[in-house]
Amino acid sequence: MSDVGGIAVEHLNAFIQRIERLEEEKAAIAEDIKEVYAEAKGTGFDPKIMRQIIRFRKMDTADYQEQQALLDLYKAAVGLPEI
């Protein structure tokens, strides 16, 4: 393994190549997700609302409840009716 300025070149290159490959995979997955949202929109679903649902599902219950309580409080403060 050759060193340049105290850096193991092959080791560094291996990390860089792995990251580049993963970035390519991430871009491909992002495109796949975009296509799924477009497909859902084509069948009448609202992608913006779907994204919110996905964001909520990632939250733990306490965080979700806290966010909903704050949202209700803010809505009441600005005079939005409860639905």
Ratio for the chain, C-alpha Rg to 2.2 N^0.38 Å, reads 1.91
Quick calc, the chain, dipole around Cα centre from Cβ unit charges on Lys, Arg (+) and Asp, Glu (-), nearest 20 debye, gives 320
Given the candidates GLY5, LEU71, ALA38, the one whose Cα lies deepest towards the positive end of the charge dipole of the chain, counting +1 at each Lys or Arg C-beta and -1 at each Asp or Glu C-beta, is LEU71
With bins of 10 Å, the percent of all Cα-Cα pairs of region 29-68 per bin from 0 is 29, 41, 26, 5
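Quick note: the coordinates plus some simple rules give every number you see, no bench work behind them. Since the structure is predicted, the reported quantities are computational estimates derived from the model, not experimental observations. Every residue, glycine among them, receives a Cβ derived from its backbone with ideal geometry; neighbour counts consider all protein chains shown.
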